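The values are calculated or read from the model by the stated rules, or taken from the named source; none is laboratory data. Because the structure is predicted, anything quoted here is derived from the model rather than measured. Note that we place each Cβ from the backbone using ideal geometry, even for glycine, and neighbour counts take in every protein chain shown. We work out accessible area using only protein heavy atoms, side chains counted, and drop any ligands, DNA or RNA first. Shrake-Rupley method; radii C 1.70, N 1.55, O 1.52, S 1.80 Å.
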Amino acid sequence: MIACPCAICASLDKKDKRLRSSILVQSSTTTIVVDTTPDFRYQMLRANVRTLDGVVFTHPHKDHLAGLDDVRAYNYFQQRPMDVYANEMTQETIVREFPYVFAEMKYPGIPDIRLNRIENEPFTIGDITVQPILVWHLNMPVLGFRFGNFTYITDANRIDEKEKGKTRGSEVIVLNALRHEKHISHYTLQEAADLARELGISRAYFTHISHQLGFHAEVNHNLPEGMELAYDGLTVAI
Ligand SMILES: [Zn+2]
Ligand SMILES: [Zn+2]
Ligand SMILES: [Zn+2]
């Protein structure tokens, strides 16, 4: 956290250096990213992502959206609009927060974005089928996503029973786990661990971690078998 004097923020352990939460999902032919964080540009540079076929949004909070402008590099090299998949609420925010992208008179070099409306129904990008899962972030509906046997749920603290069913049978789940103390709109580490267990998913990773959670090494060491803290650059093969 900017300007924070705590020991976690001063840690020299690479795994305590956390950019904002996002994932890259890749098949043999298709690459998509879930959310464009304020760190999107650096994340794509760091992971050397040369092609991008689409962006899928969970919800319109700034820490998941702010980096969208930088898809213009992919427009330049791929010579096509970037397909963006978002629900109505997120699309409204995109249009409001990036008005120049959708202006009648466009200045050169701005991102070229094609908005695709998604609902809580499966859709396909290239050869990747995406199953949305509706979760609650306090009172905001957020989309989690299941890709094959991999489920990603960020920014939530509640999930309805019927949506839980969509996660069952996943081999891996990623859940947000902000800190130990109760939070108004995010799962705590304990709540996330309990949910992973309840869903019967044997491998769980926790993300969207605050400096308040503690040192990666220490917290990770105390997690039960099959549960781990995610960290920047983590790759999961499935
Ligand atoms: Zn701190
Ligand atoms: Zn959020
Ligand atoms: Zn967030």
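Results, tabulated for the structure shown:
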| read-out | value |
| --- | --- |
| Rounded to whole Å, sorted largest first: equivalent-ellipsoid semi-axes of the stretch 161-238, Cα gyration tensor | 20, 16, 11 |
| Residues with amide H under 5 Å from that of THR58, placed H, sequence gap 5 or more | ASP35 |
| Full-stretch length increase - ILE2, PHE77 - with 0.36 nm per residue and alpha-carbon distance subtracted | 23.7 nm |
| For the chain: accessible area per residue (Å², 1.4 Å) | 51 |
| Net charge of Cβ neighbours under 14 Å - reference GLN212; Lys, Arg +1; Asp, Glu -1 | 0 |
| From phi via Karplus (6.51, -1.76, 1.60), per-residue ³J(HN,Hα) for the stretch 132-141 in Hz, x at Gly/Pro | x, 10, 7, 10, 10, 10, 6, 9, 8, x |
| Acute angle (nearest 10 degrees) that the helix 88-97 long axis makes with the longest principal axis of the chain, alpha-carbon atoms | 60 |
| Farthest toward positive dipole pole in the stretch 1-60 [+1 Lys/Arg, -1 Asp/Glu at C-beta], among VAL56, VAL34, MET1 | MET1 |
| Surface share of carbon and sulfur [accessible, 1.4 angstrom probe, percent] for the chain | 53 |
| Rounded FRET efficiency, nearest 0.05, which uses the C-beta distance separating ALA237 from GLU97 and R0 of 30 Å | 0.30 |
| For ASP83, distant residues with modelled amide H under 5 Å away | VAL55, ARG114 |
| Computed lengthening from GLU88 to ARG158, 0.36 nm per intervening residue step minus Cα-Cα distance | 23.1 nm |
| Computed magnitude of the charge dipole of the chain (debye, nearest 20; Cβ of K, R +1, Cβ of D, E -1) | 340 |
| Value at 222 nm in deg cm²/dmol, rounded to 500, when DSSP H runs of n ≥ 4 in the chain each add -39,500 (n - 2.57) | -5000 deg cm²/dmol |
| Selection from ASN220, LEU178, GLY165 lying farthest towards where the dipole of the stretch 150-238 points positive, charges on Cβ | GLY165 |
| The chain: angle of helix 189-199 to the longest principal axis, Cα-based, in degrees nearest 10 | 80 |
| Distribution of pairwise C-alpha distances over the stretch 67-131, 10 Å bins, in % | 19, 49, 28, 4 |
| Value in Å of the Kirkwood radius, where the stretch 37-166 supplies the Cα pairs that are averaged | 15.6 |
| Cross-link pairs LYS62/LYS164; LYS15/LYS166; LYS17/LYS166; LYS17/LYS62; LYS62/LYS182; LYS14/LYS62 - those with Cα-Cα distance over 28 Å | LYS15/LYS166; LYS17/LYS166 |
| For the stretch 62-78, 3J(HN,Hα) per residue [Karplus equation, 6.51 cos²θ - 1.76 cosθ + 1.60, θ = phi - 60°, Hz, x = Gly/Pro] | 4, 5, 10, 10, 4, x, 4, 3, 6, 5, 4, 5, 6, 4, 5, 7, 8 |
| Candidate residues LYS166, LYS17: accessible-area rank, largest first, probe 1.4 Å | LYS17, LYS166 |
| Average projected area [Cα convex hull, the chain], square nanometres | 13.2 |
| Placed amide H near SER21: partners under 5 Å, 5+ positions off or other chain | none |
